[in-house]
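Trainee: Handing you this structure, nothing more for now.
The values are calculated or read from the model by the stated rules, or taken from the named source; none is laboratory data. What you are looking at is a predicted structure, and each value in this text was computed from that prediction instead of being measured. With ideal geometry, Cβ positions are generated from the backbone for all residues, glycine too; neighbour counts draw on all protein chains shown.
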Amino acid sequence: MLFSLPSLSQTQVKIADTAKNPRGMALEFKLPNGGLQHMAMLNTPIFSAAQPETFLASIQAIQPDPATGKPEPEKIKAFKASHPDSLAQATFLANNNPPSSYVNSAYWGIHTFKFINKADKTTLVRWYFVPQAGEKSLSNDEMKIAPANFLEQSLIEQVKLAPARWDMIVTIGIAGDVEDNPTVAWAAEREQVKVGTLTITGASPQKGADCEKINYDPLVMSDGFAASNDPILHFRSPAYAISFGKRMSEQ
């Protein structure tokens, strides 16, 4: 298994670890039969767009003004007013400070997937990873003084002392649950099953590591998994391919 814990914005630009932006966890499972299973997750339970067009508009809205070098508040305000599907994640981020450590953050799959058994029965699922060390966010005072890019080094040092572990929790969907909109969370009372534990026993800088050479496409799935019709999920595959190509060519 290979994993990646990047502190990247959704535009793949390095941001300060104290900024109120999503963080991600990406996993690649190498299976005994040669198959692969990818998981690309965020530390928010919902995404910032229900449609690819909203995501594109959000990137356009935050482009800096050449005169000031900063995004234009009026453009951002207009985007939010015209794209209500962007508000759920923005509200979550506004109300939750960034994690104090990768080890103390939960990570959600955000999309609905399908488990298909040998009898061809389909079960709708979503999953997330819960840190055994507990969730902990930076305080407002810590956000002011924490180094800009402390999360990676903190992870490296923490796993030298003890393994980092997350419980993988699968939420079981029922008829009527939203399948194709990652901005809508499922009801909290849905059945949840612990299906395994992720353990990290060592970490290194991402730059130059084996995980940097992997395109963590969430549509790379093993037997028994299938994608829902979520347009954002299907949009991620070609978008990741382009981003991966640019990263490998250092464009």
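Trainee: Please verify whether THR54 is part of a helix (DSSP H, G or I) and modelled with pLDDT of 95 or more, treating the condition exactly as stated.
Mentor: Values: part of a helix (DSSP H, G or I): yes; modelled with pLDDT of 95 or more: yes.
Against the criterion (part of a helix (DSSP H, G or I) and modelled with pLDDT of 95 or more), THR54 qualifies.
Trainee: Hey, LEU151 hits all of (1) touching a strand residue (DSSP E or B) at 6+ places or on another chain (Cβ under 6 Å); (2) in contact (Cβ under 8 Å) with a residue 40 or more places away in the chain; (3) not charged (D, E, K, R) but one; which does it fall short on?
Mentor: (1)
Trainee: Can you name every residue in segment 188-219 that is among the basic types (Lys, Arg) and either touching a residue at least 40 places away in the same chain (Cβ under 8 Å) or part of a strand (DSSP E or B) (or both)?
Mentor: LYS194
Trainee: Taking the condition of being aliphatic (A, V, I, L, M), under 23 Å from TRP127 (Cα atoms) and surrounded by fewer than 18 Cβ atoms within 10 Å (Cβ to Cβ), how many residues in segment 17-33 meet it?
Mentor: 1
Trainee: Every residue in segment 202-251 that is over 20 Å from GLY35 (Cβ atoms), in contact with a strand residue (DSSP E or B) (Cβ under 8 Å, 6 or more places away or on another chain) and among the acidic types (Asp, Glu), please.
Mentor: Matches in segment 202-251: GLU212 only.
Trainee: What's the total number of residues in segment 21-47 that are modelled with pLDDT of 95 or more and either assigned to a loop (DSSP other than H, G, I, E, B) or at positive phi (or both)?
Mentor: Looking only at that region, the number is 5.
Trainee: Another one. Give the residues of segment 100-115 that are touching a residue at least 60 places away in the same chain (Cβ under 8 Å), closer than 26 Å to ASP141 by Cα and either surrounded by 22 or more Cβ atoms within 10 Å (Cβ to Cβ) or touching a helix residue (DSSP H, G or I) at 6+ places or on another chain (Cβ under 6 Å) (or both), sorted by residue number.
Mentor: TYR102, VAL103, SER105, TYR107
Trainee: Can you tell me how many residues in segment 196-219 are more than 26 Å from VAL130 (Cβ to Cβ) and surrounded by 16 or more Cβ atoms within 10 Å (Cβ to Cβ)?
Mentor: Total meeting the criteria: 1.
Trainee: On to the next question. Anything in segment 220-236 that is surrounded by 15 or more Cβ atoms within 10 Å (Cβ to Cβ) and part of a loop (DSSP other than H, G, I, E, B)? List them, or say none.
Mentor: Within segment 220-236, VAL220, MET221, SER228, ASP230 meet the criteria.
Trainee: Could you please find all residues in segment 212-243 being under 16 Å from the mean Cα position of the chain (by Cα) and among the hydrophobic types (A, V, I, L, M, F, W, C)?
Mentor: ILE214, LEU219, VAL220, ILE232, LEU233, PHE235, ALA239 - these are the residues of segment 212-243 that are under 16 Å from the mean Cα position of the chain (by Cα) and among the hydrophobic types (A, V, I, L, M, F, W, C).
Trainee: Let me ask you something else. Consider LYS118 carefully, then state whether it is farther than 14 Å from ASN43 by Cβ, basic (Lys, Arg) and free of Cβ contacts under 8 Å to residues at least 40 places away in the same chain.
Mentor: Spelling it out, LYS118 is indeed farther than 14 Å from ASN43 by Cβ, basic (Lys, Arg) and free of Cβ contacts under 8 Å to residues at least 40 places away in the same chain.
One line per residue, one yes/no per condition, for (1) in a loop (DSSP other than H, G, I, E, B); (2) crowded, with 16+ Cβ neighbours inside 10 Å:
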{"site": "SER58", "(1), (2)": "no, yes"}
{"site": "THR68", "(1), (2)": "yes, no"}
{"site": "ILE76", "(1), (2)": "no, no"}
{"site": "ALA81", "(1), (2)": "no, no"}
{"site": "ASP85", "(1), (2)": "no, yes"}
{"site": "ALA88", "(1), (2)": "no, yes"}
{"site": "LEU93", "(1), (2)": "no, yes"}
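Trainee: Take the residues in segment 154-183 that are loosely packed, with under 15 Cβ neighbours inside 10 Å and of a type in the set (Val, Ile, Thr); name whichever of them is farthest from the chain's Cα centre (by Cα).
Mentor: ILE174
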